[in-house]
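K.L.:
Handing you a structure now.
The values are calculated or read from the model by the stated rules, or taken from the named source; none is laboratory data. Note that the coordinates shown come from a computational prediction; the quantities given were computed from them, not determined experimentally. Counting neighbours? That spans all protein chains shown, and the Cβs are built from the backbone with ideal geometry, glycine included.
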Ligand SMILES: Cc1cc2nc3c(=O)[nH]c(=O)nc-3n(C[C@H](O)[C@H](O)[C@H](O)COP(=O)(O)O)c2cc1C
């Protein structure tokens, strides 16, 4: 194994958060990227607790479920930059979603971790926001290249990133987090100001009554995070740590997970079906 990383490939991403003006967020729009239905989606469970906290802080909240929307793949034709500036060739639900996010003071991107990255459905939506910027190359403050924003679109949008994953360690979100920060750091590229990131590993136990105590602790902290962000303008790092921390024995977690998978295989059930059965029993 050769461990010397070429200098050109020593990537690092700048991770910083904007402080919001306390009380300034009146409308929160959650963009939910899980393909699972409400009730079985763990992303949804976490995003709902966050939205509840925002609601308690006085904000109006709205959730857009990407799985219910028609979002065609960007064709890379650049019509939105050339022939029809600001307008995509596709006539689907993306323009409406963008319009809804434009009306928000805070946009929450909530996605499960799939193969260590942002789920493709969410990525597909983000890629389709290309009409928001112009094609020209400009130098940003740190000397790197970006594109200018297009007139008529809200340039900077405050954002919160929510992620859930099956493994019990938060470290798996490294590339997911980096992707959002690269998008945000590009400035003109997407116009995103990240106010907070909330990651919950071992998400599959959410909603499982057997782990009520752990789940209530986590979801209570997520709700507080939503409330705190809107009332204080920021979320204390210790609260984010509390959400990310798994207070269960890892060997017991393996045992429980592997037993559940065995039942699913033996009884020809999906995991959401088994979880539903557990909730009902
Ligand atoms: C195709 C696929 C890829 C996944 N990749 C990862 C992964 O890289 N790391 C991880 O910890 N969990 C992974 N998971 C587990 C999901 O993150 C987990 O089941 C999560 O709860 C799904 O969120 P949802 O319930 O909102 O859909 C993956 C699940 C699927 C279906």
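K.L.:
Quick one: which of 27, 48 is under 25 Å from residue 191 (Cα atoms), assigned by TED's automatic domain parsing to the domain that holds residue 163 and within 16 Å of the ligand (Cβ to nearest atom)?
P.N.:
On the way: 27 fails: within 16 Å of the ligand (Cβ to nearest atom).
Matching residue, one of 27, 48: 48.
K.L.:
Can you pull out every residue in segment 109-158 that is part of a strand (DSSP E or B) and surrounded by fewer than 13 Cβ atoms within 10 Å (Cβ to Cβ)?
P.N.:
Just the residues of segment 109-158 that are part of a strand (DSSP E or B), to begin with: 109-114, 117-118, 133, 138-139, 145-146, 149, 157-158.
Passing the criteria: 138, 139, 145.
K.L.:
Name the pairs whose Cβ atoms lie under 6 Å apart, with the first residue in segment 101-117 and assigned by TED's automatic domain parsing to the domain that holds residue 226 and touching a residue at least 24 places away in the same chain (Cβ under 8 Å), the second away from the ligand (no atom under 16 Å from the Cβ) and not in a strand (DSSP E or B), and 6 or more positions between them or separate chains?
P.N.:
Once the first residue is assigned by TED's automatic domain parsing to the domain that holds residue 226 and touching a residue at least 24 places away in the same chain (Cβ under 8 Å) and sits in segment 101-117, its partners that are away from the ligand (no atom under 16 Å from the Cβ) and not in a strand (DSSP E or B) give 102/154; 105/25; 105/26; 106/25; 107/101.
K.L.:
Can you tell me which residues in segment 33-44 are in contact with a helix residue (DSSP H, G or I) (Cβ under 7 Å, 6 or more places away or on another chain) and part of a helix (DSSP H, G or I)?
P.N.:
Scanning segment 33-44 gives a single hit, 42.
K.L.:
Within segment 177-189, is even one residue touching a strand residue (DSSP E or B) at 6+ places or on another chain (Cβ under 6 Å), outside any helix (DSSP H, G or I) and either modelled with pLDDT under 95 or surrounded by fewer than 17 Cβ atoms within 10 Å (Cβ to Cβ) (or both)?
P.N.:
Yes, segment 177-189 contains at least one residue that is touching a strand residue (DSSP E or B) at 6+ places or on another chain (Cβ under 6 Å), outside any helix (DSSP H, G or I) and either modelled with pLDDT under 95 or surrounded by fewer than 17 Cβ atoms within 10 Å (Cβ to Cβ) (or both).
K.L.:
Could I ask something else about it? Would you check which residues across segment 203-235 are outside any helix (DSSP H, G or I) and either out of contact with any helix residue (DSSP H, G or I) (no Cβ under 7 Å at 6 or more places or on another chain) or farther than 30 Å from residue 104 by Cα (or both) and list them?
P.N.:
Selection gives 208, 233, 234.
K.L.:
Suppose we filter 264, 268 for residues that are without any contact (Cβ under 8 Å) to a residue 40 or more places away in the chain and in a helix (DSSP H, G or I); which single one remains? Even if it seems obvious, please write down each step before you answer.
P.N.:
Details: 268 fails: in a helix (DSSP H, G or I).
Answer to the selection: 264.
K.L.:
Moving on to the next point. Which count do you get for residues in segment 73-97 that are assigned to a loop (DSSP other than H, G, I, E, B), touching a residue at least 24 places away in the same chain (Cβ under 8 Å) and closer than 25 Å to residue 112 by Cα?
P.N.:
Applying the first criterion (assigned to a loop (DSSP other than H, G, I, E, B)) to segment 73-97 yields 73-78, 82-93.
In the following step, the residues that additionally are touching a residue at least 24 places away in the same chain (Cβ under 8 Å) were identified as 73-74, 78, 82, 85-88, 90, 93.
Within this subset, residues satisfying the condition of being closer than 25 Å to residue 112 by Cα are 73-74, 93.
Result for segment 73-97: 3.
K.L.:
Do we find a residue being touching a residue at least 40 places away in the same chain (Cβ under 8 Å), loosely packed, with under 14 Cβ neighbours inside 10 Å and touching a helix residue (DSSP H, G or I) at 6+ places or on another chain (Cβ under 6 Å) anywhere in segment 58-69?
P.N.:
no
K.L.:
Okay, next question. Does residue 13 satisfy being out of contact with any helix residue (DSSP H, G or I) (no Cβ under 7 Å at 6 or more places or on another chain) and surrounded by 14 or more Cβ atoms within 10 Å (Cβ to Cβ)? Steps first, please.
P.N.:
Values: out of contact with any helix residue (DSSP H, G or I) (no Cβ under 7 Å at 6 or more places or on another chain): no; surrounded by 14 or more Cβ atoms within 10 Å (Cβ to Cβ): yes.
No, not satisfied.
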